[in-house]
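Right, one structure below, let's go through it.
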């Protein structure tokens with residue numbers, strides 16, 4: 001079943017078709033001329049926008065390429081000597097509360113995991129002194 005909006009749209013289309021068929025030729029010519037003038041005046045604005053978008057896009061591409069080339073983050077190449085890996089690890093930002101990676105941590109930390117679990121369980125809660 002048609003909704004009220006569909007019926008209104010169909011009625012408006014029917015009225016438009018009826019009015020366009022009964023339009024005298026002089027008025028139809030004036031309407032076509034007005035439409036042609038409106039389309040011609042809108043075209044230069046679109047050309048100006050297109051002319052501005054081309055250099056803006058090229059500038060954005062150059063800026064992105066420059067950012068990728070001169071990025072402050074330089075990964076360590078595969079098969080690099082141990083001194084380069086250590087230097088890269090020294091440049092890495094501190095992760096804060098995260099535990100160290102197994103590759104970069106001291107292996108002695110992982111030998112006594114039971115002790116660290118016991119220490120965490122038996123540690124009294126911190127009290128604030130006044």
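The values are calculated or read from the model by the stated rules, or taken from the named source; none is laboratory data. Every value quoted in this text rests on a predicted model; they were computed, and no experiment measured them. Cβ coordinates were reconstructed from backbone atoms using ideal geometry, including for glycine residues, and neighbour counts include every protein chain displayed.
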Inset, instruction - Return only the number of the condition from (1) at pLDDT 70 or above; (2) exposed (fewer than 10 other Cβ atoms within 10 Å of the Cβ) that residue 116 does not satisfy. - result: (2)
Legend entry - Subset of region 20-78 [surrounded by 10 or more Cβ atoms within 10 Å (Cβ to Cβ), modelled with pLDDT of 85 or more and not in a helix (DSSP H, G or I)]: 23
